[in-house]
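Asker: Below is the structure I would like to discuss, written out as structure tokens.
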Number of protein chains: 2
Amino acid sequence: SNTDPKPQFKEKYFPQIMDHFNFNSMGNGTYEQRYLITDEYWKKGSGPIFFYTGNEGDIWEFALNSGFITELAAQQRALVIFAEHRYYGKSLPFGQDSFNIPEVGLLTVEQALADYAIMITELKQQLGASACPVIVFGGSYGGMLSVYMRLRYPNIVAGALAASAPILSTAGMGESKQFFQDVTSVVCHCKSTVIFHHYSNARRLLLHVCPTSDYGRIQSAFSLCKTPSSYKDIHQLNGLLRNAFTLMAMLDYPYSTHFMGSMPANPVKVACDTMLGGADLLHALKDTAGIVYNSTGDLTCFDLYTLYVECADPTGCGLGFNSLAWDYQACTEIEMCYESNNVSDMFPLMPFTEKQREQYCSKRWGVIPRPGWLKTQFWGDALSTASNIIFSNGDLDPWANGGVRKSLSSSLIAINISEGAHHLDLREANDADPASVIKARKMESDTIAQWVKMERKCLQRGF
Amino acid sequence: SNTDPKPQFKEKYFPQIMDHFNFNSMGNGTYEQRYLITDEYWKKGSGPIFFYTGNEGDIWEFALNSGFITELAAQQRALVIFAEHRYYGKSLPFGQDSFNIPEVGLLTVEQALADYAIMITELKQQLGASACPVIVFGGSYGGMLSVYMRLRYPNIVAGALAASAPILSTAGMGESKQFFQDVTSVVCHCKSTVIFHHYSNARRLLLHVCPTSDYGRIQSAFSLCKTPSSYKDIHQLNGLLRNAFTLMAMLDYPYSTHFMGSMPANPVKVACDTMLGGADLLHALKDTAGIVYNSTGDLTCFDLYTLYVECADPTGCGLGFNSLAWDYQACTEIEMCYESNNVSDMFPLMPFTEKQREQYCSKRWGVIPRPGWLKTQFWGDALSTASNIIFSNGDLDPWANGGVRKSLSSSLIAINISEGAHHLDLREANDADPASVIKARKMESDTIAQWVKMERKCLQRGF
């Protein structure tokens, strides 16, 4: 419904240091880091810089789904930059070899942050923007990076809008059951608990048919391309189904979107209707998964192992994002030991312990995760010395309760969006927007304007 | 003069992650990091932890020359830990091979800070000290590390006493002539400018004799073990002489010390007397250098290339410290492009440009320094968001003006010690102490007690 012309981003490449933390490593040179830039709204030389700290995907995906940032730039006359995270999209330090061992070793949060710090510093010089306050933006893992930029580089970044950033749970400070419990409550929210029972029944059916090895019935009910032949395949099917509900909960926007795949408007409601509409429970479950995996209706059968990729992130890898790189991050610094237990959630019991993670990661990437490292590096909840951060979260989003939900001080502000899914506030304005997100964006906009003003004073004082 | 019994440090080793920033590097394991610890004064489980962030040398050297910290620990019932910096002393990640390429690549400021963060976190757990506020201490480069610990890990460190920490000049924010200008003014301070003229004359003589290749005369005047045979040797002699004055200025303590070699009480005064006492200028200059290089009088001749090692730090490498490791650090992150120019200082023209540094470092270590990196990483002078740091500096110390000399806020406190040399305040109390250092230590002690109290409140509030 927003018919304003979109800004024309220019796609550029920045010669970036490959290894910021080792002067004698194999990464003894530069790689081409992609970024998108538009100065269409910029008050040249004095307007602020809005810098999106790219996360686990092609940077265009985020630029095209974060219209709030450009709308705000138009209001506040800002330069806009979307920077691509190393090892994603076209920003591959070693090209085709980037995911070999040891080349993949330069994929860390710290390297990514240093990339952004160096890029901001140099681009400011090149663009005659040394007096321009920089505000960072990010959604999800990108929001975590925005927080970290403000913690780590307050010399460079005046403030951060971190939308739906689960900074606590990914630092090992959450409960393993939280995530799928929250997916369940979003889905159940739909029509009393009808869907919960339906899904529960369907699942029980699944478990029931497995031992009898009635794999043919499962294949036909789920239109699988291959007949399952072992419990491993059934486990994979369970993962795929759980992932479908996860994505619909995360992306439960009030209008259709093309972000991490394609979603209809209000996908959770569509899922409910689908579940209730089918006579055969397994079949209804298949159609519900199809909302996510077969939005075009083009697939004639489901291939369990291409539609869903099991990895070190139990909330799912793949689906338009670079699953290899994210898997590696989940195997090293980012902790995501979420489990479903079928008690506090509606999903099958699918444990994912630190030990399982260690075994998987050691085998897959030759690495041992380091629990506690992210908390040590990025402060966990010991944020009392930080300032100028907005933590926004949507109540519909299963990631929300892994983040900061209460303001910690007058400049560490939590904004909770009652009708919001995963970083809805970063999306462009839409007629279907609920009141809560409109209000949140207004608060964000006012706060950011204030930060810019304060920073300008500091820069003038030369403090 | 201080006759209190010294604390008995226990020497221990901590199994430390070799590479904090690459999960797939060659450093895929742990090394033994040395630390010294005493709980002699500690109020177990609740007293604060005083943690010395070890710098470029054997950790015993710092523990034995930082008596203020243990004296303060006795007052404030603190646990004391002196941690050794990786690649120094006995904390060699790759043993004998540590200075090979690429093994040396794990020697960075960031790795050292991460070592300390991990060590503090784990030792607190092991010692039942999770409720104990941590204060970091350091002198010189160790003081820089203390500042960085508070900037980088305020979740772990409640405050920092940074004594004589040149955080600005080493981040490329100083003037290249500052250092030797300040050495000169300390030396000149002695007896009007007599010594300046003497030295100037002597130097002119040197320059004068060089072209005529009167190398025999220089050898005999300076008791050199070998006859100089080229300008390179004369250049080395100039470096050695400049270094002697540098060390006497830095270590101009009011009593004799054994730190970075042996010094008499008031070495600058001794140097003056020596310069003025000799009839032959060159000979007097040799005796002056002997205060530093031949304190025992045992040397029968001076070997130019063992007494002084030219390296990427123009203020000198070697002399009891690990010159290899420090050279590498000066070739990578730490910027020290100090020069003497014979206009604003009394030394021969000895330029050291960024280009020279690059050539040397590339040849010696296969690295290209990255000017600006330290400023990006550790904020340069953009410290407005920081808190709880004392920057102490002695007016006699040529390093002082590379640091923070004015308080930046009520919790970023500069303390200037008018009669102090290089981190005199960290040394144990001595009857010869000037009033200014006694006053400084009192302020430091009060401020630290306040930080500990504040942090205790925060921990109780669970913020």
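Asker: Over the range A:55-178, what relative contact order in percent results from Cα pairs under 8 Å that are six or more residues apart? Mind showing how you got there, number by number?
Answerer: Working: 124 pairs, mean separation 24.7, N = 124.
Once divided by the residue count of the range A:55-178, the mean separation gives 20 percent.
Asker: Next question. Assuming a ≥ b ≥ c are the square roots of the Cα gyration tensor eigenvalues, decide whether the range A:212-337 counts as rounded (a/c under 1.5), prolate (otherwise, with a/b larger than b/c) or oblate.
Answerer: Details: a/c = 1.95, a/b = 1.12, b/c = 1.74.
Verdict is oblate for the range A:212-337.
Asker: Okay, moving on. What are the residues whose amide H is under 5 Å from the amide H of A:VAL134, where those residues sit 5 or more places off or on another chain and H is modelled from the backbone?
Answerer: Correct list: A:ILE49, A:ALA158.
Asker: Now for a different question. Taking the dipole about the Cα centre of the range B:308-463, with the C-beta of Lys and Arg at +1 and of Asp and Glu at -1, give me whichever of B:TRP451, B:ASN341, B:LEU396 is farthest to the positive side.
Answerer: B:TRP451
Asker: Among the chymotrypsin sites (Phe, Trp or Tyr not before Pro) within the range B:42-77, which fall in a DSSP loop and have no more than 13 other Cβ atoms within 10 Å of their own Cβ?
Answerer: Details: sites: B:TRP42, B:PHE50, B:PHE51, B:TYR52, B:TRP60, B:PHE62, B:PHE68; in loops: B:TRP42.
Sparse-neighbourhood loop chymotrypsin sites (Phe, Trp or Tyr not before Pro): none present.
Asker: Where in chain B are the helices, taken as whole DSSP H runs, whose Cα atoms extend 24 angstrom or more along the long axis and whose Kyte-Doolittle mean reaches at least -0.5?
Answerer: Helices meeting the criterion: B:109-126, B:231-250.
Asker: A further question on this structure: Which of the GluC sites (Glu not before Pro) found in the range A:370-463 are in a DSSP loop and have at most 14 neighbouring Cβ atoms, other than their own, within 10 Å? Can you show the working numbers first?
Answerer: On the way: sites: A:GLU419, A:GLU428, A:GLU444, A:GLU455; in loops: A:GLU419, A:GLU428.
Here no GluC sites (Glu not before Pro) fit, given the DSSP loop and packing criteria.
Asker: Whole number in Å², please: accessible area per residue of the protein assembly as shown, 1.4 Å probe, ligands, DNA and RNA not counted. List each step's numbers first, then the result.
Answerer: On the way: 33930 Å² over 926 residues.
Heavy-atom SASA per residue in the protein assembly as shown reads 37 Å².
Asker: Expressed as a whole percentage, what fraction of the accessible surface of the range A:96-143 belongs to carbon and sulfur atoms when a 1.4 Å probe is rolled over the protein heavy atoms?
Answerer: Values: 580 of 1320 Å².
Percent of accessible area from carbon and sulfur atoms in the range A:96-143: 44.
Asker: What part of the accessible area of the range B:282-332, given as a whole %, is carbon or sulfur when the probe is 1.4 angstrom?
Answerer: Working: 890 of 1760 Å².
Whole-percent figure for carbon plus sulfur exposure: 51.
Asker: Can you classify the protein assembly as shown as rounded, prolate or oblate using the Cα gyration tensor, where a ≥ b ≥ c are the square roots of its eigenvalues, rounded means a/c under 1.5, and otherwise it's prolate if a/b beats b/c and oblate if not? Working shown, then result.
Answerer: Values: a/c = 2.30, a/b = 2.19, b/c = 1.05.
Because a/c hits 1.5 or more and a/b exceeds b/c, the protein assembly as shown counts as prolate.
Asker: Which shape class, rounded, prolate or oblate, goes with the range B:337-424 when its Cα gyration tensor gives a ≥ b ≥ c as root eigenvalues, a/c under 1.5 marks rounded, and past that a/b bigger than b/c marks prolate? Write down the numbers at each step before the final one.
Answerer: Values: a/c = 2.91, a/b = 1.38, b/c = 2.11.
In terms of gyration-tensor shape, oblate.
Asker: Another question, then. Charges at C-beta only: +1 for Lys and Arg, -1 for Asp and Glu. How large is the resulting dipole of the protein assembly as shown about its Cα centre, in Debye rounded to 20?
Answerer: Numbers: 76 positive and 92 negative charges, 254 e Å.
Roughly 1220 debye, rounded to the nearest 20.
Asker: Then there is this: If you average the sequence gap of Cα pairs under 8 Å that are 6 or more apart and divide by the length of chain B, what percent do you get for the contact order?
Answerer: Details: 876 pairs, mean separation 85.2, N = 463.
RCO, chain B: 18 percent.
Asker: Peptides A:153-159, B:344-350, A:13-19, A:356-362: what's the order by average Cβ count within 10 Å, highest mean first?
Answerer: Working: A:153-159: 23.3, B:344-350: 20.1, A:13-19: 18.6, A:356-362: 16.3.
Averaged packing, sorted descending, gives the order A:153-159, B:344-350, A:13-19, A:356-362.
Asker: Among A:GLY216, B:MET263, B:THR184, which residue has its Cα furthest toward the positive end of the charge dipole of the protein assembly as shown, with +1 on Lys/Arg Cβ and -1 on Asp/Glu Cβ?
Answerer: B:THR184
Asker: What are the label-to-label distances in nm, one decimal and shortest first, from B:TYR305 to the same spot in the other copies, with labels 7 Å along Cα to Cβ?
Answerer: With the label placed 7 Å along Cα→Cβ, B:TYR305 yields 6.4 nm.
Asker: Check A:ASP395: other-chain or 5+ apart residues with amide H under 5 Å from its amide H, H built from backbone geometry?
Answerer: A:ILE417, A:SER418, A:GLU419, A:GLY420
Asker: Okay, next question. Please report how far the C-alpha centroid of the range B:46-120 lies from that of the range A:77-120, rounded to the nearest whole angstrom.
Answerer: Distance between centres, Cα-based: 32 Å.
Asker: Using the 7 Å Cα-to-Cβ label point, sort the distances from B:ARG456 to its equivalents in the other copies shortest first and give them in nm to one decimal.
Answerer: Those label-point separations list as 4.6 nm.
Asker: Between chains A and B, what is the buried accessible area summed over both chains (1.4 Å probe, protein heavy atoms, nearest 100 Å²)? Before the final figure, lay out the partial values.
Answerer: Numbers: alone 18880 and 18900 Å², together 33930 Å².
Summing both chains' loss of accessible area gives about 3900 Å².
Asker: Next question. Would you mind telling me the share, in percent, of accessible area of the range A:334-463 contributed by carbon and sulfur at probe 1.4 angstrom?
Answerer: Values: 2990 of 5580 Å².
Within the range A:334-463, the accessible surface is 54 percent carbon and sulfur.
Asker: Still on this structure, I have one more. What are the distances, in nm and sorted shortest first, from the label point of B:THR30 to the label points of the same position in each other copy, with each label point placed 7 Å from Cα along the Cα-to-Cβ direction?
Answerer: Going from nearest to farthest copy, the values are 4.0 nm.
Asker: Could you quickly flag the chain B residue whose beta carbon comes closest to the rotation axis taking B to A, and that distance in whole angstrom?
Answerer: For chain B, the closest residue to the axis carrying it onto A is B:PHE21, 2.
Asker: Could you sort A:244-252, B:224-232, B:331-339, B:399-407 so that the peptide with the highest average Cβ count within 10 Å comes first and the rest follow in order? Intermediate results must be reported in sequence, preceding the final value.
Answerer: On the way: A:244-252: 25.0, B:224-232: 13.7, B:331-339: 23.1, B:399-407: 20.2.
Highest-to-lowest ranking by the protection proxy: A:244-252, B:331-339, B:399-407, B:224-232.
Asker: With +1 on the Cβ of every Lys and Arg and -1 on the Cβ of every Asp and Glu, and nothing else charged, how large is the dipole of the range B:56-153 about its Cα centre, in debye rounded to the nearest 20?
Answerer: Details: 6 positive and 10 negative charges, 87 e Å.
Value, rounded to 20: 420 debye.
Asker: A further question follows. With +1 on the Cβ of every Lys and Arg and -1 on the Cβ of every Asp and Glu, and nothing else charged, how large is the dipole of chain A about its Cα centre, in debye rounded to the nearest 20?
Answerer: Numbers: 38 positive and 46 negative charges, 175 e Å.
It works out to roughly 840 debye.
Asker: Oh, and also: So what is the relative contact order of the range A:290-367, in percent, for Cα pairs below 8 Å that sit 6 or more residues apart?
Answerer: Numbers: 72 pairs, mean separation 16.5, N = 78.
RCO, the range A:290-367: 21 percent.
The values are calculated or read from the model by the stated rules, or taken from the named source; none is laboratory data. Because the structure is a prediction, the values reported are computed rather than measured. As a convention, Cβ positions derive from the backbone with ideal geometry for all residues, glycine included, and neighbour counts pool all protein chains shown. Accessible surface is based on the protein model in full, side chains and every heavy atom, while ligands, DNA and RNA are left aside. Shrake-Rupley method; radii C 1.70, N 1.55, O 1.52, S 1.80 Å.
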